[in-house]
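Below: the structure, in structure tokens.
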Amino acid sequence: MKARTTFATWLLAGTALAMASTAAVACERTLRSSDTHPDGYPTVEAVKAMGEMLEEKTDGKLCIEVFFGAQLGEEKDTIEQTQFGVIDLNRVSLGPFNNIVPETQVPSLPYIFRSTEHMHKVMDGPIGQEILDAFQPHDLVGLAFYDGGSRSFYNSEKPIESIDDLKGMKFRVMQSDMFVDMVSALGANATPMPYGEVYSSIQTGVIDGAENNWPSYDTSGHYEVAPYYTLDQHLIVPEVLVMSKKTWDSLSEDEQAAVRESAKASVPIMREAWNEQERKSEEKIVEAGVEVVKDIDKQPFIDAMGPVYDKYVTSDKLKDMVKRIQETE
Ligand code: GTR
């Protein structure tokens, strides 16, 4: 039975490979795109949709293959590879860009956005464009922003009912100095680490928990080892799709325009898929018996963030950006 399953699996894999190579042959150039999330995740599906539009716009000259599930590596490493031109496209949270592109710190600040609508208004407008342009000096071309919901703390120990409950706990954060300071400002300890190491680190007690949005908490399986989730919603960090500047420079002007247009056109597709996924993940997690603390007083969390703003919003440029975001209705 086992042998037969294996044979059937081989047959299936062979067919899939044959299909993939047919697609590759039909296409003059296949761009490699990285994503840490599994197949079917909204960001993965959005870049696939972008690929289809790109293929059509360029009459089959350009296609995209999405390497999902961190096949090309963890985010910090894939960012470097994208800067070097080894990876053509990369869909990443703005968090891991904080130490590289200072402008990305502003939309990554805790409680900077009042809601997802506020975030959309800002990132779809001139401030968003300034941030996309800020990638250029770092060998990257910013193409579009995607949604990352709102991020909240989860842990393996106990329900967090107030800011005091966080004291002394150990949380994983994305590889961004600002998030380390954010967690310290809340009285807890932060360990920056790659996404793929979080599950086992919680399981073995290296950390007590982490923080993320509903879809990531679900698809990473973190809820299985950290079944206490508190909706303090400290971050609404947008995600970004970037292209390697090396790849960009190798494209004709028409192809560059097609890349930009199809990336932009993938945004509404992403948002729709995101809303659907958020709803499904929440439903699944609640059903799985996770204890969710919904009503938490966020004001003490917001008040604690002063030192983070003071430390990171230092240049006139960033101060002005923060002010304009706060003033955006
Ligand atoms: C997710 C995000 C990923 C990754 C991950 C993390 O919400 O979509 O790009 O940054 O969080 O926490 O590492």
Rounded to the nearest 10 degrees, the helix 316-327 long axis (Cα) sits at an angle to the longest Cα principal axis of the chain of 80
Straight-line reach check, K311, cutoff 13 Å on alpha carbons, 8 or more apart in-chain or any other chain, hits among aspartates and glutamates -> D177, D181
Here the percent of antiparallel bridges among DSSP beta bridges lying wholly in the chain, to the nearest 5, is 55
Share of accessible surface on carbon and sulfur in the chain, whole %, 1.4 Å probe and ligands ignored, is 52
Over all Cα pairs of the chain, the Kirkwood radius sets Rh, and Rg/Rh then becomes 0.98
Taking Cα atoms only, helix 75-84 is inclined relative to the longest principal axis of the chain by an angle, in degrees rounded to 10, of 50
Taking only protein heavy atoms and a 1.4 Å probe, the highest-to-lowest accessible-area order of T104, T116 is T116, T104
Rounded to the nearest 10 degrees, the helix 253-287 long axis (Cα) sits at an angle to the longest Cα principal axis of the chain of 50
Heavy-atom accessible area per residue of the chain, all protein chains kept, 1.4 Å probe, expressed in Å², is 45
In region 123-197, the trypsin sites (Lys or Arg not before Pro) that sit in a DSSP loop and have at most 15 other Cβ atoms within 10 Å of their own Cβ are K167
Filtered hits (aspartates and glutamates, Cα-Cα < 13 Å from K61, offset >= 8 within chain) -> E28, E52, D254, E255
Restricting to aspartates and glutamates and to Cα separations under 18 Å from K158, and discarding same-chain partners fewer than 8 apart, the set is D208, E211, E224, D232, E291, D295, D297
Expressed in square angstrom to the nearest 10, the accessible area of R114 with a 1.4 Å probe stands at 140
Full extension between Q326 and K298 adds, at 0.36 nm per residue less the Cα distance, a length in nm of 8.3 nm
Checking rank on 300-307, 155-162, with mean other Cβ inside 10 Å and highest first, the result is 155-162, 300-307
Set K48/K298; K245/K280; K76/K167; K48/K280, cut-off 31 Å on Cα-Cα distance; pairs above it are K48/K298; K245/K280
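The values are calculated or read from the model by the stated rules, or taken from the named source; none is laboratory data. Everything numeric here is computed off the predicted structure, so don't read it as measured data. Cβ sites come from the backbone with ideal geometry, for glycine too, and all protein chains shown count toward neighbours. What goes into the accessible areas is simple: the full protein's heavy atoms, side chains included, and nothing from ligands, DNA or RNA. Shrake-Rupley method; radii C 1.70, N 1.55, O 1.52, S 1.80 Å.
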